[in-house]
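Accompanying notes for the structure given below.
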Amino acid sequence: MKSTVRLPRLLLAFAALFTLSACGKKDAAREGASDGLTKITVQLDWFPEPEHGGFYQALARGWFREAGLDVTLVPGGQQGLIVNQVIATGRAQIGQGESVTTLLDTHKGFPLLQVAAVFQNDPSVFLLHADNPVRDFPDLDGRRIMARPGWVFLDFLKQKYAIDFTVIPFNFSVSNFIADPTFIQQGFYIAEPYIITQGGAPAPRFLKAWDAGYDSYGVLIANRDWAEKNPAALRAFLAAYIRGWDDYLHGDPTEAHELMKRDNPKNSDGFLAFSRQMIIDEKLVVGRDATDSSRIGRLDPARFATQIKILEDLKLTPPGALQVEKVMSTAFLPE
């Protein structure tokens, strides 16, 4: 479960420094440092879970080290918005995030470059009980929804469907959802359903953002300056990462799950198996219409053009302020 609630930039910068300092005092998932390896720090957007399967499988198999890289994975948490700030300040070279939010941060002047897909479709959805009368997005008019206030999708819905609704700030919990059959909230639909059913409630329904025409990526983001100076290292990283995802989806995830449990003791075998299977069943990594693994990591410039147009239509960025070729690149992906 994630949140990226907007905070003043100064506070965010402080939060980034504090979080990284705290993480430095903990064991982060990493391969043993060796002379001659290029060190890369990766800032995760949440506590280690199957959504980070590509990283952890490559780490467990030794493929980063095989590629000449010493990779450190820094767990995230409820302060997920700091990922882009951490990358922008050079405290991490690569991070995991969401494409539209990253476009906004790029517009603010952060030196970010989106370089690979994590999920072909970001799995943030609205969770509803099965008998909730809301069946489609226009039905949200006049409702209360618990969601992160900075989620651009909320503004998109209001504009597209000429509706309005009240947003309750996200509290990182599904307890209200379990207790109230009328409750609607944002969630990661590869994770929250397990927690909800374990809490005694029936499995929820979903309203998926891409069904409304808001189709963002889960993405890997690189520090632009670092990427331009270290293209070989970035290419090697992405090749190992994509190999990791392919093996995590189709091979044995046991070692990767053991690393996730080490770095996030709240992980249970049941949750890890459920979330991984959801990722597989929903084809989030390979793409909804995929027949093989060839699209793992791939980015489509046309989709970024659509996302930029959404921001312009919402007047969140001026026309022409963001250009596709400057906010993303496919040059570092394996051919």
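Need at least 2 residues that are within 29 Å of D105 (Cβ to Cβ) and out of contact with any Phe, Trp or Tyr (no Cβ under 8 Å at 6 or more places or on another chain) per element, so show me which helices (runs of 4 or more DSSP H) inside region 266-335 make the cut, counting only ones lying wholly within it. Working first, answer last.
On the way: elements: 269-281, 301-313, 324-327.
So the answer is 301-313, 324-327.
For Y241, work out the one condition from (1) under 23 Å from Y194 (Cα atoms); (2) surrounded by 13 or more Cβ atoms within 10 Å (Cβ to Cβ) it doesn't fulfil.
(1)
Say whether the condition of being out of contact with any strand residue (DSSP E or B) (no Cβ under 6 Å at 6 or more places or on another chain), aromatic (F, W, Y), modelled with pLDDT of 95 or more and under 30 Å from S293 (Cα atoms) is met by at least one residue in region 153-174.
Checked region 153-174: at least one residue is out of contact with any strand residue (DSSP E or B) (no Cβ under 6 Å at 6 or more places or on another chain), aromatic (F, W, Y), modelled with pLDDT of 95 or more and under 30 Å from S293 (Cα atoms).
Identify the residue in region 292-320 that is among the polar types (S, T, N, Q) and in contact (Cβ under 8 Å) with a residue 24 or more places away in the chain and, among all such residues, is farthest from Q114 (Cα to Cα). I'd like the intermediate steps shown before the answer.
Quick first cut of region 292-320, residues among the polar types (S, T, N, Q) only: 293-294, 306-307, 317.
Filter again for in contact (Cβ under 8 Å) with a residue 24 or more places away in the chain, leaving 293, 306-307, 317.
Working: S293: 20, T306: 15, Q307: 13, T317: 18 Å.
The selected residue is S293.
Scan (1) among the small types (G, A, S); (2) more than 30 Å from D313 (Cβ to Cβ); (3) crowded, with 17+ Cβ neighbours inside 10 Å for the single condition A179 breaks and write down its number.
So the condition that A179 fails would be (3).
If the requirement is being touching a residue at least 40 places away in the same chain (Cβ under 8 Å), surrounded by fewer than 20 Cβ atoms within 10 Å (Cβ to Cβ) and more than 20 Å from the chain's Cα centre (by Cα), which of these qualifies: N264, N230?
Unique residue meeting the criteria: N230.
Conditions tested, residue by residue: (1) within 24 Å of A236 (Cβ to Cβ); (2) charged (D, E, K, R); (3) part of a helix (DSSP H, G or I); (4) assigned by TED's automatic domain parsing to the domain that holds A321.
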position	(1), (2), (3), (4)
W46	no, no, no, yes
Y56	yes, no, yes, yes
A60	yes, no, yes, yes
R65	yes, yes, yes, yes
V71	yes, no, no, yes
V83	yes, no, yes, yes
G95	yes, no, no, yes
T102	yes, no, yes, yes
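Just for region 37-67: of the residues that are under 15 Å from G251 (Cα atoms) and touching a Lys or Arg at 6+ places or on another chain (Cβ under 7 Å), which one is surrounded by the most Cβ atoms within 10 Å (Cβ to Cβ)?
Looking at the filtered set, the residue picked out is A58.
Matching residues to (1) β-branched (V, I, T); (2) part of a loop (DSSP other than H, G, I, E, B); (3) not assigned by TED's automatic domain parsing to the domain that holds I82:
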site: A130; (1), (2), (3): no, yes, yes
site: R135; (1), (2), (3): no, yes, yes
site: P149; (1), (2), (3): no, yes, yes
site: L154; (1), (2), (3): no, no, yes
site: I168; (1), (2), (3): yes, no, yes
site: S173; (1), (2), (3): no, yes, yes
site: F177; (1), (2), (3): no, no, yes
site: P181; (1), (2), (3): no, yes, yes
site: L220; (1), (2), (3): no, no, no
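Answer yes or no: is there a residue in region 185-206 that is in contact with an Asp or Glu (Cβ under 6 Å, 6 or more places away or on another chain), closer than 30 Å to L59 by Cβ and either assigned to a loop (DSSP other than H, G, I, E, B) or outside the structural domain of T106 (by TED's automatic domain parsing) (or both).
First pass over region 185-206, keeping only residues in contact with an Asp or Glu (Cβ under 6 Å, 6 or more places away or on another chain): none.
There is no residue in region 185-206 that is in contact with an Asp or Glu (Cβ under 6 Å, 6 or more places away or on another chain), closer than 30 Å to L59 by Cβ and either assigned to a loop (DSSP other than H, G, I, E, B) or outside the structural domain of T106 (by TED's automatic domain parsing) (or both).
When you scan region 273-291, do you find a residue that is among the polar types (S, T, N, Q), over 19 Å from S124 (Cβ atoms), surrounded by 17 or more Cβ atoms within 10 Å (Cβ to Cβ) and in contact (Cβ under 8 Å) with a residue 12 or more places away in the chain, even just one?
no
Condition first: crowded, with 21+ Cβ neighbours inside 10 Å, in contact with a helix residue (DSSP H, G or I) (Cβ under 8 Å, 6 or more places away or on another chain) and over 30 Å from G54 (Cα atoms). Can you find one or more residues in region 90-113 that meet it?
Looking for residues that are crowded, with 21+ Cβ neighbours inside 10 Å, in contact with a helix residue (DSSP H, G or I) (Cβ under 8 Å, 6 or more places away or on another chain) and over 30 Å from G54 (Cα atoms), one finds none in region 90-113, hence no.
Would you check if there is a residue in region 225-232 being in the same structural domain as I279 (by TED's automatic domain parsing) and not in a helix (DSSP H, G or I)?
Residues of region 225-232 that are in the same structural domain as I279 (by TED's automatic domain parsing), as a first pass: 225-232.
Imposing the further condition that a residue be not in a helix (DSSP H, G or I) reduces the set to 230.
Yes; the residues of region 225-232 include at least one that is in the same structural domain as I279 (by TED's automatic domain parsing) and not in a helix (DSSP H, G or I).
Spot the failing condition for A162; the list is (1) touching a residue at least 24 places away in the same chain (Cβ under 8 Å); (2) of a type in the set (A, V, I, L, M, F, W, C); (3) loosely packed, with under 14 Cβ neighbours inside 10 Å, and only one is missed.
Of the numbered conditions (1) touching a residue at least 24 places away in the same chain (Cβ under 8 Å); (2) of a type in the set (A, V, I, L, M, F, W, C); (3) loosely packed, with under 14 Cβ neighbours inside 10 Å, the odd one out for A162 is (1).
The values are calculated or read from the model by the stated rules, or taken from the named source; none is laboratory data. Everything numeric here is computed off the predicted structure, so don't read it as measured data. Note that we place each Cβ from the backbone using ideal geometry, even for glycine, and neighbour counts take in every protein chain shown.
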